[in-house]
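Chemist: Shown below is the structure under consideration.
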Amino acid sequence: MVIIFKPKASKKEIDHILEKLKELKLEPKVSQGIERTVIGVIGDEAKLRTQPLEVYPGVEKVIAVQEPYKMVSKEFHNKPSEIKLGKNIVVGGKKIVVMAGPCTIESKERLMYLAKHVKKKGAKFLRGGAYKPRTSPYDFQGLGEEGLKYLAQAKKATGLLVVTEMMDVRDLPLFEKYADVIQIGARNMQNYNLLKEVGKSKKPVLLKRGMANTIKDFLMAAEYIYSQGNHQVMLCERGIRTFETSTRFTLDIGSIPVLKEKTHLPVIIDPSHAAGKRAYVSAISRAAIAAGADGIIVEVHDKPEEAVCDGPQALLPKMYDELMVELKSIAQALGRDL
Ligand code: PEP
Ligand code: MN
């Protein structure tokens, strides 16, 4: 941490801060310039989090140099984390992973059809919500446990692993039973009680970035899960709110290299919710893999005009097939595979 004093800060004001640092057993390195004094502080910055130094007279600015997240940071774990699932699926490894399926589970037949289709061209996970976070309380809210049972049946028929969203801590036993990966949706990224509960679970978690959250907020949310003992956390960028309205959200493509630099956790991109329109989904997916993402989670529907949720952004099965071929060659160009 660096403490910068105002040009006219008095010796008394500077000494007072030095006293405070001494009390907290932090080591100050004082630099006396012509205009102003700067103190570099060595030691655990967390000790200062409850006593913001900006409030003291004479202090102009305090700059933190340590990140507030610890266990999810590269400093804690220098190599990329690989999350191993099922017999031979690795998220965050050499191969990129594809999670595909409808936005929500509508019927057993449709889910089964889509599961078989996406599996054929390389998906390793079946996505689909049984509990949906809808903006309107009058919209379809999901099939609930019945939907989870259909996912389990589709898994049995295809071998795909199941990734599905949990919204309520009281449903954890159901998700422990039916899900392979518990999705925490964008709207719940800062539901800290929910994060702590899935942090105690043994199920891997796909944590989606909130639509109005910074990367720091995102990593702090991941830290909630990780610090409870669950180290199988995947991050998912799904677009953030900006002034732009041409797409549903704005995919923060730059978040991919930033996350790769700051954390060891795998990064998955959701092009569907970012785009909001199927015509844009494939291009965004290709860009995501080219930028270093470990995989995508994408919505697919065979009759999007009949979909009860997010039809406009669902890829048609044929578009999905073409995208898989393209992603494989992009992955291979980067020394990876699909
Ligand atoms: C979803 O994956 O269907 C979903 C609701 O995503 P998000 O939480 O990113 O909006
Ligand atoms: Mn959706």
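Chemist: Hey, PRO28 hits all of (1) over 22 Å from LEU265 (Cβ atoms); (2) assigned to a loop (DSSP other than H, G, I, E, B); (3) open to solvent by less than 60 Å² (accessible area, probe 1.4 Å); (4) not β-branched (Val, Ile, Thr) but one; which does it fall short on?
Modeler: Just one mismatch for PRO28, condition (2).
Chemist: While we're here: Considering only the range 88-156, give the strands (runs of 3 or more DSSP E) lying wholly within it that have at least 1 residues that are among the basic types (Lys, Arg), touching a residue at least 60 places away in the same chain (Cβ under 8 Å) and in the same structural domain as GLU299 (by TED's automatic domain parsing). First the steps, then the outcome.
Modeler: Numbers: elements: 89-91, 97-101, 125-127.
Passing ranges, in order: 125-127.
Chemist: Within the set of pairs 6 or more residues apart or between chains, which connect a residue that is modelled with pLDDT under 80 inside the range 36-47 to a residue that is buried (at least 17 other Cβ atoms within 10 Å of the Cβ) with Cβ atoms less than 6 Å apart?
Modeler: Note: pairs meeting the criteria are GLU45/MET1.
Chemist: While we're looking at this one, here's another question. Would you be able to say whether some residue in the range 280-291 is closer than 25 Å to ILE105 by Cβ, within 16 Å of ligand 2 (Cβ to nearest atom), surrounded by fewer than 20 Cβ atoms within 10 Å (Cβ to Cβ) and assigned by TED's automatic domain parsing to the domain that holds SER107?
Modeler: Yes, the range 280-291 contains at least one residue that is closer than 25 Å to ILE105 by Cβ, within 16 Å of ligand 2 (Cβ to nearest atom), surrounded by fewer than 20 Cβ atoms within 10 Å (Cβ to Cβ) and assigned by TED's automatic domain parsing to the domain that holds SER107.
Chemist: Identify all residues within the range 74-111 that are touching a helix residue (DSSP H, G or I) at 6+ places or on another chain (Cβ under 7 Å) and at pLDDT below 95; write none if there are none.
Modeler: Passing the criteria: only LYS74.
Chemist: Could you check the range 98-129 and list, in sequence order, the residues that are more than 17 Å from LEU148 (Cβ to Cβ) and not charged (D, E, K, R)?
Modeler: Matches in the range 98-129: VAL98, ALA100, TYR113, HIS117, VAL118, GLY122, ALA123.
Chemist: Sort through VAL65, VAL72, VAL98 and tell me the only one that's under 34 Å from the mean Cα position of the chain (by Cα) and open to solvent by 90 Å² or more (accessible area, probe 1.4 Å). Spell out the reasoning first.
Modeler: Details: VAL72 fails: open to solvent by 90 Å² or more (accessible area, probe 1.4 Å); VAL98 fails: open to solvent by 90 Å² or more (accessible area, probe 1.4 Å).
One residue alone meets the criteria, VAL65.
Chemist: Of the residues in the range 176-194, how many are away from ligand 1 (no atom under 15 Å from the Cβ) and either surrounded by 24 or more Cβ atoms within 10 Å (Cβ to Cβ) or in a helix (DSSP H, G or I) (or both)?
Modeler: Restricting attention to the range 176-194, the residues satisfying the condition of being away from ligand 1 (no atom under 15 Å from the Cβ) are 176-178, 180, 192-193.
From what's left, either surrounded by 24 or more Cβ atoms within 10 Å (Cβ to Cβ) or in a helix (DSSP H, G or I) (or both): 176-178, 192-193.
Qualifying residue count, the range 176-194: 5.
Chemist: Do we find that GLU19 is at negative phi and within 37 Å of the chain's Cα centre (by Cα) in this structure?
Modeler: Spelling it out, it is not the case that GLU19 is at negative phi and within 37 Å of the chain's Cα centre (by Cα).
Chemist: Just the residues that are under 24 Å from ARG134 (Cα atoms), surrounded by 24 or more Cβ atoms within 10 Å (Cβ to Cβ) and touching a Phe, Trp or Tyr at 6+ places or on another chain (Cβ under 9 Å), please, taken from the range 292-312. Reasoning before the result, please.
Modeler: Just the residues of the range 292-312 that are under 24 Å from ARG134 (Cα atoms), to begin with: 296-312.
Next cut, surrounded by 24 or more Cβ atoms within 10 Å (Cβ to Cβ) only: 296-301.
Correct list: ILE297, VAL298, VAL300.
Chemist: Just to be sure before I move on: is SER272 within 13 Å of ligand 1 (Cβ to nearest atom), in the same structural domain as GLY185 (by TED's automatic domain parsing), of a type in the set (Ser, Thr, Tyr) and under 21 Å from the mean Cα position of the chain (by Cα) in the structure I sent?
Modeler: So SER272 fits the description; yes.
Chemist: Starting from residues that are more than 23 Å from the chain's Cα centre (by Cα), in a helix (DSSP H, G or I) and farther than 10 Å from GLY122 by Cβ, keep the ones in the range 312-332 and report whichever is nearest to ligand 2 (Cβ to nearest atom).
Modeler: Looking at residues that are more than 23 Å from the chain's Cα centre (by Cα), in a helix (DSSP H, G or I) and farther than 10 Å from GLY122 by Cβ, I get PRO312.
Chemist: For the condition over 25 Å from MET220 (Cα atoms) and either loosely packed, with under 10 Cβ neighbours inside 10 Å or in contact with a Gly (Cβ under 6 Å, 6 or more places away or on another chain) (or both), what is the one hit in LYS12, LYS20?
Modeler: One residue alone meets the criteria, LYS12.
Chemist: Got at least one residue in the range 141-157 being charged (D, E, K, R), out of contact with any Pro (no Cβ under 7 Å at 6 or more places or on another chain) and either under 26 Å from TYR69 (Cβ atoms) or within 15 Å of ligand 2 (Cβ to nearest atom) (or both)?
Modeler: Within the range 141-157, not a single residue is charged (D, E, K, R), out of contact with any Pro (no Cβ under 7 Å at 6 or more places or on another chain) and either under 26 Å from TYR69 (Cβ atoms) or within 15 Å of ligand 2 (Cβ to nearest atom) (or both).
Chemist: Regarding LYS124, is this residue away from ligand 1 (no atom under 16 Å from the Cβ), open to solvent by 10 Å² or more (accessible area, probe 1.4 Å) and at pLDDT below 95?
Modeler: no
The values are calculated or read from the model by the stated rules, or taken from the named source; none is laboratory data. Note that this is a predicted model, so its numbers are computed, not measured. No Cβ is skipped: glycine too gets one built from the backbone with ideal geometry, and neighbour counts run over all protein chains shown. Each accessible area value is taken on the protein alone, full model and side chains, heavy atoms only, with ligands, DNA and RNA left out. Shrake-Rupley method; radii C 1.70, N 1.55, O 1.52, S 1.80 Å.
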